[in-house]
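This report refers to the structure that appears directly beneath it.
Here, each number is a calculation from the coordinates, and none is a lab measurement. Since the structure is predicted, the reported quantities are computational estimates derived from the model, not experimental observations. Here Cβ is always computed from backbone atoms with ideal geometry, including for glycine, and neighbour counts include all displayed protein chains.
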Amino acid sequence: MSRQLSQQEIDAVFQSSHSRQAERPVVLFDFRRPDRIPKSQIRAIQLLHDTFVRNLISSLSVYLRSYLSINLVSVEQLAYAEFLEGLPSPTCLVSLGLRPYDGNGVLELNPTLVFPVLEMLLGGTGKMTTAVQRELSEIEQKLLDGLIRIILHDLRETWKGVTEVEFTVEAMETEPQLMRVMAPNEAVVTVGVEVRIGESVGMINIALPSIIIKMMRQKFDQQWSVRRTQANDQDQARFLYRLREASICLEARLEGLGISVRDLLGLTEGNLVEFDRSAGCPVELIANGKRQYVGQVVSTGRRRGFFVDQIRQPAAHGMTRDGVALSVAPGAS
């Protein structure tokens with residue numbers, strides 16, 4: 001029978017649903033940022049720039065002829081306005097072209113990094129006694145061309161694993177609020193890299209439009225599937241390398257004849273046992289108790305060997321193929 005719910009029962013249902021919703025954490029959604037990307041892709045970008053940091057260490061060490069350390073500090077999503085607010089003023093800002101994609105990225109080099117690098121390029125040690133807070137001159141900007149070129153080269157090589165991106169310098173600026181390459185509310189993925197040269201510590205900050213990274217999502221998935229396949233191949237090669245030193249017991253057997261225990265115990269010297277096979281009949285070669293090969297027992301000088309005519313089942317990598325003689329010790333059956 002069907003019946004209608006009373007008002008009390010309806011109120012109880014709504015009350016229980018409200019209590020369940022109150023227990024769940026509420027996450028605010030900002031509709032001004034429609035281009036946010038999932039956390040899984042953020043983690044993939046972080047792994048990608050771990051490689052960038054390793055490459056940059058070797059490149060800058062050679063370029064500056066000095067030991068330095070570089071660490072990946074952060075990878076996060078922000079509004080472009082928030083990214084600019086976190087930068088010092090004045091600083092060194094570079095507008096990046098991202099061909100073949102439409103749009104621009106931003107590369108920022110902190111003054112605490114730029115001026116020690118300029119000091120080293122001009123023959124100094126890079127040690128700064130006081131922090132320099134001023135705009136770069138045109139000559140100093142030209143001196144930084146080599147440093148920027150190395151950073152963009154390593155970025156391009158790192159992103160090759162996902163997609164071909166040509167990072168190019170389109171403009172330079174010193175005031176963050178004047179670098180208007182994106183809308184203030186546009187979502188960007190920012191990468192923060194800390195560079196330590198002696199006692200000097202500075203940051204390299206990179207901002208890429210989230211909408212462009214969203215377009216690469218399928219390419220990120222393809223990259224990690226290829227890496228997993230390569231990892232599996234590497235694991236197999238490593239296991240097979242370790243197995244090379246393993247020993248296998250080989251036994252050449254001619255089977256088929258049956259004899260009773262009474263006849264076996266009655267055998268003496270001079271008796272002749274007749275086999276039910278001819279001398280040219282194929283012989284089984286057993287590897288660690290498993291029938292693997294069929295062939296003939298042959299002579300290899302003072303030793304006996306086995307010539308493989310047929311493989312009974314697919315052999316593992318590195319096993320002998322048809323027509324290869326396996327040497328068997330003289331005492332083997």
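Brief remarks on what is shown
- Among G124, L78, P111 - extreme Cα towards positive end, dipole of segment 67-175, charges at beta-carbon: G124
- Label-point gap, in nm, between S260 and R302 - each point 7 angstrom along Cα→Cβ: 4.5 nm
- Counting only lysines at least 8 places from K290 when in the same chain, there are none with an alpha carbon closer than 23 Å to its own.
- Quick note on segment 88-186: its Rg to Rh ratio, both from C-alpha atoms and Rh being the Kirkwood radius, is 1.00.
- Student exercise, segment 39-215 dipole from Lys, Arg, Asp, Glu Cβ charges, in Debye to nearest 20: 500 debye
- Cβ crowding within 10 Å, taken as a proxy for footprinting-reagent exposure, orders I311, I248, I197 from fewest neighbours to most as I248, I311, I197.
- Under Stokes-Einstein, with the Kirkwood radius over Cα pairs as Rh, the value for segment 39-215 at 20 °C and 1.002 mPa s is 130 µm²/s.
- Fewest-first ranking of K290, K127, using other Cβ atoms within 10 Å as the exposure measure: K290, K127
- By the count of neighbouring beta-carbon atoms within 10 Å, fewest first, E245, E157, E173, E9 end up ordered E245, E9, E157, E173.
- Cross-link reach list, aspartates and glutamates versus K39, counting only Cα pairs under 17 Å and skipping chain neighbours closer than eight places: D30, D50, E76, D221
- Theoretical gain in end-to-end length, K127 to R54 [0.36 nm per residue, Cα-Cα removed]: 23.9 nm
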